[in-house]
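The values are calculated or read from the model by the stated rules, or taken from the named source; none is laboratory data. Only a predicted model underlies this, so the values are computations on that prediction, with no experimental measurement involved. Cβ sites come from the backbone with ideal geometry, for glycine too, and all protein chains shown count toward neighbours. Areas reflect the complete protein model, heavy atoms only, side chains present, ligands, DNA and RNA absent. Shrake-Rupley method; radii C 1.70, N 1.55, O 1.52, S 1.80 Å.
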Amino acid sequence: MKAKKVIVIHVRDDVEKEEFMRELQKLNLPAFIYVHGKLNSLKINIQGTKDEIRDAIYKIKDIHKRVRSRLYANKRGLYRYVLDDIFREAGVSISAPILLKTLELLGETVEFKDNELETSMPWNEIVNLTRKLGEYLADISLQTTRQIREVALPLAIVFDIDPEEVLDLMVEVGVAEYKEDKFKYELVKNKEQAMEIMLKHLTGEEDEN
C-alpha cells in the first residue's frame, strides 16, 4: 500500500542547500521524492510503501548530517568526513594511510576511526589534496609497492617534489632500492624508519647533527 510523508530539512545557506541537493541526486531510493526549495529549508515529499519511506527518511537525514559535518567545523575546529565521500568527490581512490600521513605532515589535526576522519582541513581543500595524491599515485603505481607509496606520496606533496624524483632520492639516501627483476621500487627499511630518515634528509636536519 502506497503512503506519503513530508519532511523539512533546514539549511544555513545556499552552499549547504547545493551540497545537500547534489548528494540527494546520487541517492538510489525506491521511494519517489519531490523537493520544494524555500529560503532556508527544503520541503521533501516522499511517496512509497511504509518501508520505502522509512528507508528514504533515514538516508536523507544521514546525508544531511554528513553534509553539515563536512561544511561546518565543530567546537574543536574539526570537520568530519566519511572517507568514501572524499574519494568519490575527488574521483580517485587511494589508501587511507597515504591521505592521513599527508595531512599529518602538513600540520593538520587528524583523528581517524571507523572510516570517518576528523581533521582541521576544510572540504574543498581535502578534495583537491586527494585529487593530487591520486594523480601522483597514477604516475608511480606500476613501479612501486604499497609500502613505498605510503612514504613517497606524502613526501611528494609536502615538499612539492615530483614523485618519481622522491623515489630516486629514497634510493640515493638508502631507504629503498630498485628491483630490476620486478621493475619495482621497494623499501629496505620499515615504513616508519624510512619516513623518519627522509624527513631528516629533506628538512636538512641530518646536516646539523
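Points worth noting:
- From the coordinates shown, P(r) over Cα pairs in 5 Å bins from 0, in percent corresponds to which of (1) 1, 7, 13, 15, 13, 12, 10, 8, 7, 6, 4, 3, 2, 0, 0, 0; (2) 1, 7, 16, 21, 22, 18, 10, 3, 1, 0; (3) 1, 7, 14, 18, 16, 14, 11, 7, 3, 2, 2, 1, 1, 1, 1, 0, 0: (1)
- Toward the positive end of the charge dipole of the chain, with +1 on the Cβ of Lys and Arg and -1 on the Cβ of Asp and Glu, the farthest Cα among Phe32, Ala152, Gly107 is that of Phe32.
- Relative contact order (%) - the chain, alpha-carbon pairs under 8 angstrom, separation at least six: 14 percent
- For the stretch 38-47, putting each phi into the Karplus relation 6.51 cos²θ - 1.76 cosθ + 1.60 with θ = phi - 60° gives couplings of 10, 4, 10, 7, 10, 9, 10, 8, 10, 10 Hz, in residue order, rounded to whole numbers and with x for Gly and Pro.
- Net charge dipole, the stretch 1-52: roughly 320 debye, given to the nearest 20, about the Cα centre with Cβ charges of +1 for Lys and Arg and -1 for Asp and Glu.
- Helical runs assigned H by DSSP (4 residues or longer) give the chain a calculated mean residue ellipticity at 222 nm of -17000 deg cm²/dmol, each run adding -39500 (n - 2.57) before division by the residue total.
- The H on the amide N of Thr49, modeled in the peptide plane, is under 5 Å from the matching H of Ala3, each at least 5 residues off or on a different chain.
- HN-Hα J in Hz across the stretch 112-120 - Karplus 6.51, -1.76, 1.60, θ = phi - 60°, x for Gly and Pro: 10, 7, 6, 6, 10, 10, 10, 8, 7
- Each Cα pair under 8 Å and six or more residues apart adds its separation to the average, and for the stretch 79-203 the resulting relative contact order is 22 percent.
- Separation of alpha-carbon centers, the stretch 42-93 and the stretch 133-159, rounded to whole Å: 30 Å
- The stretch 1-107, relative contact order in percent, only Cα pairs under 8 angstrom and at least six apart counted: 25 percent
- Under-5 Å amide H pairs with Lys184, H placed in peptide plane, nonlocal only: Lys179
- Using only side-chain charges placed at the Cβ, +1 for Lys and Arg and -1 for Asp and Glu, the dipole size of the chain relative to its Cα centre rounds to 2240 debye.
- Accessible-area ranking of Lys4, Lys179, largest first, probe 1.4 Å: Lys4, Lys179
- Springs join every pair of Cα atoms under 10 Å in this Gaussian network model of the chain, and among Glu180, Glu125, Glu150 the largest mean-square fluctuation is at Glu180.
- Of Lys61/Lys113; Lys4/Lys59; Lys26/Lys50; Lys43/Lys132; Lys113/Lys182, those spanning more than 27 Å from alpha-carbon to alpha-carbon: Lys43/Lys132; Lys113/Lys182
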